[in-house]
Amino acid sequence: MLGVDIGTTSTKAVLFTTQGQIVAQHAVEYPLLCTTPGMAEQDPEQIYQAVLAAISTAVSAGGAEFGQIAGQVALVSFSAAMHSVIAVDQDGKLLSNSITWADNRAGAWANRIRDELDGHQIYLRTGTPIHPMSPLCKIMWLRHDQPELFARTARFVGMKEYVLFRLFGAWLVDHSIASATGMFNLQQLDWDQGALRMLGISPAQLSTLVPTTHHLSGLAPAVAQQLGLAPATPFVIGANDGVLSNLGVNAIAPGQVAVTIGTSGAMRTVIDKPLTDPAGRTFCYALTAKHWVVGGPTNNGGSIFHWVREELATAESAAAKNAGQDPYDALTKIAEGVRAGAEGLLFHPYLAGERAPLWNADARGSYFGLATHHGKPHMIRAALEGVIFSLYSILPAVEDLIGPTTHMMATGGFARSPLWRQMMADIFEREVVVPESVESSCLGAAVLGLYALGKVDSLDVIGSMVGSTHRHVPIPENVALYRRLWPIYAAIPKLLEQQYRQLSQFQRETAIGGPV
Ligand code: ADP
């Protein structure tokens, strides 16, 4: 089975045995286009070609190792990044690039929808927080800021829809990608009339909704040949990368929470029916009709350690590189020299604004509590702790909604650091397990594919496919220190709301190229 994840930095295709063992894999990268402030676009044609190349290379690598593979691929199943918008004309020709989740240009419209246009009611029906990431806000922005393009657009589609259109000639969107658009009514499993009315678009301008288990076949022979697959190979539409990652790390049972810290981060848990938060702090996205994923994303995950590496500990990082060491490992060692709690130094990591639970694009980062006894090691440690505190602040929102959670699975680049993993156990005050999660979204997609085609009767088969690599239990002395710091940490963003707005406004106005 072939799991294909159309991500923001690359498309990865992983060929698994039906027992979940990796046979072969290939990733093809592509750039993010950021030529004006707030812009984060990608070229859909380039991504389509990357999907073809990733699949064909993974299939041929599997074939090289195991002999003829074309007839043996039981299914192809897709994962994809959420929230992308592409404008196309009547014939499916591109009128725009893919505007990705990271694009912030709909920021002012997100504020207006939230404050003046009953955005909270739309969130309660659709499960997607009102934020510039969402297609809802982006289409509103296009309508008002690029009216000519808006008028010419026959359809607004997402990246996975575009790839499937190129492969099969139909505009289809799965409930999972749809549930992250801000335009999908979670109870009716249909496009939300109120949201579409606000945008001034009709359902005919969006793709046809299908369950995540929907599958299609009948590749054009030339494409099948290019991919190295039999034309009859079933393609399962699949879901979004976030919910599939929960499946891929085997965090789908009640009370299990999956926490990811890659470049950004997220906390997610699976429940059996859609649920939104009266306080608007969490998202709710579909996995299957019986599995819904509730959680919150953070903008500031591993990107913070990257910033520390590049901007704060430049000399230490360069020295590590020169000595042939991983700079992250070297900085982790430096942070280890300081006690838990960084001797009273707190870091709020909102360098890129913050999504859950603040949903405030104007939030800004800060060191708080600096004293003369603090040095760079404290600053490095506080930054790592701040990322975990920030993720921890999502937990009350999730637990208010679904009740107590118990088990925690942690994934993403951060898990390479034993210190950072231990901080998670200490701050969350519970055992943290790191699953074996090589390309969890691809594995999740493949297992959803097995389920979709009736080859297994439950998603629980994932349990036999995922082992664990590390376990950390809380260290009581550290827990005690973090317990004292947590209320201080949590109070800051509430106190500074107005100052965040004023300062980010100042930054926008005085940034190079902006009005002075
Ligand atoms: P992505 O989200 O782009 O797929 P990853 O999951 O690989 O990326 O996460 C990248 C992040 O992982 C980096 O920004 C860094 O913060 C963190 N990271 C990478 N290597 C290490 C390491 N050895 N120790 C601690 N953190 C690391």
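Here is how the numbers come out for the structure above:
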| read-out | value |
| --- | --- |
| Pair list, Cβ under 7 Å, 6 or more apart: region 412-425 residue in contact (Cβ under 8 Å) with a residue 12 or more places away in the chain and within 19 Å of Ser264 (Cα to Cα), other residue of a type in the set (Lys, Arg) and more than 6 Å from the ligand (Cβ to nearest atom) | Ala415/Arg421 |
| Condition broken by Leu346, with the remaining ones in (1) among the hydrophobic types (A, V, I, L, M, F, W, C); (2) open to solvent by 40 Å² or more (accessible area, probe 1.4 Å); (3) under 30 Å from Gln502 (Cα atoms) satisfied | (2) |
| Residue ranges of strands (runs of 3 or more DSSP E) in region 196-279 with at least 3 members surrounded by 23 or more Cβ atoms within 10 Å (Cβ to Cβ) | 235-240, 256-261, 265-271 |
| Failed criterion for Phe368 (all others in (1) at pLDDT 95 or above; (2) under 30 Å from Ser134 (Cα atoms); (3) away from the ligand (no atom under 16 Å from the Cβ); (4) of a type in the set (A, V, I, L, M, F, W, C) hold) | (2) |
| One residue from Gly296, Gly344, Gly337, Gly301 being over 21 Å from Leu419 (Cβ atoms), in contact with a helix residue (DSSP H, G or I) (Cβ under 8 Å, 6 or more places away or on another chain) and either in contact (Cβ under 8 Å) with a residue 12 or more places away in the chain or more than 16 Å from the ligand (Cβ to nearest atom) (or both) | Gly296 |
| Strands (runs of 3 or more DSSP E) wholly inside region 1-81 containing at least 2 residues that are within 17 Å of the chain's Cα centre (by Cα) and crowded, with 18+ Cβ neighbours inside 10 Å | 2-6, 10-16, 76-80 |
| Some residue of region 70-79 being under 21 Å from Leu94 (Cβ atoms), within 16 Å of the ligand (Cβ to nearest atom) and in contact with a strand residue (DSSP E or B) (Cβ under 8 Å, 6 or more places away or on another chain) | no |
| Selection within region 400-429 - more than 16 Å from the ligand (Cβ to nearest atom), at pLDDT below 95 and surrounded by fewer than 22 Cβ atoms within 10 Å (Cβ to Cβ) | Asp400, Leu401, Ile402, Gly403, Pro404, Thr405, Thr406, His407 |
| Residues being in contact with an Asp or Glu (Cβ under 8 Å, 6 or more places away or on another chain) and within 12 Å of the ligand (Cβ to nearest atom) - total across region 430-443 | 2 |
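The values are calculated or read from the model by the stated rules, or taken from the named source; none is laboratory data. What you see is a predicted model, and the numbers here were worked out from it, not measured in a lab. Cβ coordinates were reconstructed from backbone atoms using ideal geometry, including for glycine residues, and neighbour counts include every protein chain displayed. Protein only, heavy atoms only, side chains kept; ligands, DNA and RNA dropped before computing areas. Shrake-Rupley method; radii C 1.70, N 1.55, O 1.52, S 1.80 Å.
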